[in-house]
Amino acid sequence: MKIELSGLRLPLGHFTLQVEATLTGRVTAIFGASGSGKTSLLELIAGLRQPAAGRVRLGDTVLTDVAAGKFVPPERRAVGYVPQEGALFPHLSVHGNLVFGLDRNRPPPPTLTYAHVTEVLEIAHLRDRRIGLLSGGEKQRVALGRALLASPQLLLLDEPLAGLDAPLRDRLLPVLARVRDEFAVPMLYVSHAVDEVMALCDDVVVLSAGQIEERGAPADVFVPSNERRYVRRRVGG
Amino acid sequence: MSDDAWQVTWFTVGVAALSTLLILPFGVALGWLLARRDWRGKSIVETLVALPLVIPPVATGLILLKLLGRRGPIGGWLENTFGWEIVFTWRGVVVATAVMSFPLLARTARVAFEGVSPRLEQVARTLGAGPWRVFAQVTLPLARRGLIAGVLLSFARALGEFGATIMVAGFIPGQTATLALSIYHSVQLGRDGEAMVLLAISVTIAFAAVWASEWFLRRKAP
C-alpha cells in the first residue's frame, strides 16, 4: 500500500510541518525528537486534523486534498490509530473495546478475525477484564487489537512502547514484530527509540522541526556516527 | 399532613420534574457546545446563561413577565397560536423554574463534557464511528455521572424557586402554589405550624436531591 503525502503543510507552534514523501514500506518509522511534528503528521493522515495545504493519498484513494476541497472524515478512512496512551474506552470491557470498530455488515479479512488477533496479541484471556485493571503492556496490546479488528488499510502507531519500562518493552517488541508479519497491514510507527526502529521497521523518515531531515533504511540512517547524534538528541528530548 | 400540603408537595415536585425534563436536551446540547466547540458569540452566550444565577430572581421574573404576558412578544404569540396562557398559570411556574435552573444544568454539563478526553472521541472516529455514534457511545456514557448530578442539582433548584415564580405565576392556591410560595404565604398569615410542615418537606426533598447529586459526582470513575 502506497502512502503519498504531497505538499503537506500544517503550521504548528514554533514551526510549520512540511512533508513531501511517498511511503511504501511494510513498517515505516517516523523518527524524531519530542515536538518535531510526528504526532501531528499521524493526525493529518488519520483525518483528525486538516492541513493548511497538500494532499494525502492512500493507495488509489485521495483522503485529503486541500486544493480540491476534498476531506474524507476519519470514520471513512480505514486508517487505524493507536495513540501513545492507548486511549481505551474506560467504560467498556476489554471485549467491548475490541469489538467497537467491528463492521457487522462486512466480514473481516481472514487474517483479521477476532480469534486470530486476540491470539497473536495474547489478550484472549483478558476478554471480560475492566480497562482500569489492565497493566500498561496489556493496555497497549488491547489498543492495538481494537485498531486491527476495525480492518484498517493502514495502521498508525504513536510511540506504543514509550510509556513502558525496559523489560516490558523487550517483551512487547516481538509481539509487534509478529503483528507486522501476520496481518500484512502497513504501519507508520512513530518512535524516538533507535532499537525499536531497527527491530521493526524497513524504512525511516527522520523528522526535525517539521521537516524531513533524512530518509532511508534503518541500517543506513543509523550508521554509528549518525546514531550517536540521534541518540543524543533523543536523550536531550 | 393536610391534603393541601400533599397537593402543594406533588405540584412542586411535578413542576420541578417537568421543567428539568424540558431544559435537559438544551442544557446538554449547550454544555457540549461550550465544552467542545469554538464559535462566535460563545462568551456572550456563556454570560447570558450565567445571568439568572446572579441577578435577583425577581428581576428575572419581571423580564419573563414582560416577555410572556398577553401583550408580551412571546406570550402574545403563544396565546394566539396555541391558545396557551403562561402568566399566572402552572405553565408560568414551569417556565420560571426552568429558566432559573437552566444555568446550573448547562454549566454542570459543560464540566462533565470537559472531563471526557477528546482523544477517546478521536480514536472512536478512526474506528469507524460517525459523530453521533461517538456522542452516544463514548461521550455521553463517560459524562453521565456529571450529567446526572447536573439534572439532580437543577431539579433541586427548581424545587426551591421563589422570586421568579411569584412574579410570573403569582400565588394562586391549587393552581400555582409551590412549596416555597406556600411557606411564604403561611408565614404572612401567621400560620407558622403549616409553614413548618412545608419547610420540613422542602428540606427533606432538597437534601435528598443534593445528596444524590454529590453521590453521583463522587462515584469513582470506571
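The values are calculated or read from the model by the stated rules, or taken from the named source; none is laboratory data. Not measured: the values here are computed from a predicted model. Here the Cβ positions follow ideal geometry from the backbone for every residue, glycine too, while neighbour counts run over all protein chains shown. Surface areas here come from the heavy atoms of the whole protein model, side chains and all, with no ligands, DNA or RNA. Shrake-Rupley method; radii C 1.70, N 1.55, O 1.52, S 1.80 Å.
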_Considering all projection directions equally, how large on average is the shadow of the alpha-carbon convex hull of the protein assembly as shown, in square nanometres?_
28.3
_Place a point 7 Å from Cα of B:ALA59 in the direction of its Cβ. Which residues in the stretch B:99-141 have their backbone N less than 19 Å from it?_
B:99-104
*Calculated [θ] (222 nm, deg cm²/dmol) that DSSP helices of n ≥ 4 give over chain B, each run adding -39,500 (n - 2.57)*: -25500 deg cm²/dmol
*Mind listing, in residue-number order, the residues in the stretch A:71-110 that have at least 10 Å² less accessible area with every protein chain present than in their own chain alone (1.4 Å probe)?*
A:PRO74, A:GLU75, A:VAL79, A:TYR81, A:PRO83, A:GLU85, A:ALA87, A:PHE89, A:PRO90, A:HIS91, A:PHE100, A:GLY101
*asked:* Please compute the modelled spin-label separation between A:MET1 and B:LEU22, points set 7 Å along Cα→Cβ, answer in nm with one decimal.
replied: 5.2
*asked:* Compute, for chain B, the length of the dipole vector about the Cα centre, with Cβ point charges of +1 (Lys, Arg) and -1 (Asp, Glu) only. Units Debye, rounded to 20.
replied: 1100
*In whole Hz, what ³J(HN,Hα) sequence does the stretch A:60-74 give by Karplus (6.51, -1.76, 1.60; θ = phi - 60°), x for Gly and Pro?*
8, 9, 7, 8, 9, 8, 4, 4, 8, x, 9, 8, 7, x, x
*For chain A, what is the accessible area per residue in Å², given a 1.4 Å probe and the full set of protein chains?*
43
*Using a 1.4 Å probe on protein heavy atoms only, how many Å² of accessible area do A and B hide from each other, summed over both chains and rounded to 100?*
1800
*Provide the FRET efficiency to the nearest 0.05 for the B:ARG191-B:ALA136 pair, computing r from the beta carbons and using R0 = 35 Å.*
0.10
_Longer than 28 Å from Cα to Cα, which of A:LYS2/A:LYS38; A:LYS38/A:LYS139; A:LYS2/A:LYS139; A:LYS2/A:LYS70 are they? Say none if no pair is._
A:LYS2/A:LYS139
*Pull up all non-local amide H partners of A:LEU63: gap of 5 or more, or a different chain, and H-to-H distance under 5 Å with H placed in the peptide plane.*
A:VAL56, A:ARG57, A:LEU58
_Accessible area of chain B divided out per residue, in Å², using a probe of 1.4 angstrom_ = 52
*asked:* If I compute solvent accessible area with a 1.4 Å probe over the protein chains, what percent of it on the stretch A:3-235 is carbon and sulfur?
replied: 50
*State the antiparallel share, in %, of DSSP beta bridges confined to the protein assembly as shown, rounding to the nearest 5.*
55
*Could you tell me which helices of chain B pass both thresholds, a Cα extent of 20 Å or more along their own axis and a mean Kyte-Doolittle hydropathy of at least -0.5, with helices taken as whole DSSP H runs?*
B:3-36, B:90-114, B:140-159, B:192-218
*Roughly speaking, what is the centre-to-centre gap between the stretch B:84-163 and the stretch A:46-89 when only Cα atoms are used, to the nearest Å?*
32
*Work out the FRET efficiency for B:ALA29 and A:ARG104 from their Cβ-Cβ distance, taking R0 = 30 Å, and round it to the nearest 0.05.*
0.55
*Taking the convex hull of Cα positions in the stretch B:3-218, its mean projected area over all directions (nm²)*: 13.9
*Cβ-based charge dipole, the stretch B:1-150, positive-most Cα from B:VAL13, B:SER2, B:PHE113*: B:PHE113
*Cross-link partners of B:LYS66 among aspartates and glutamates (Cα-Cα below 15 Å; sequence separation of 8 or more within a chain)*: B:GLU79, B:GLU85
*How high is the FRET efficiency from A:HIS125 to B:SER43, r the C-beta distance, R0 41 Å, rounded to 0.05?*
0.20
*Name the residues whose placed amide hydrogens come within less than 5 Å of the amide hydrogen of A:LEU8, ignoring near sequence neighbours (fewer than 5 apart) on the same chain.*
A:VAL19, A:ARG55
*In whole percent, how big is the carbon plus sulfur part of the accessible area of the stretch B:3-218, probe 1.4 Å, protein atoms only?*
68
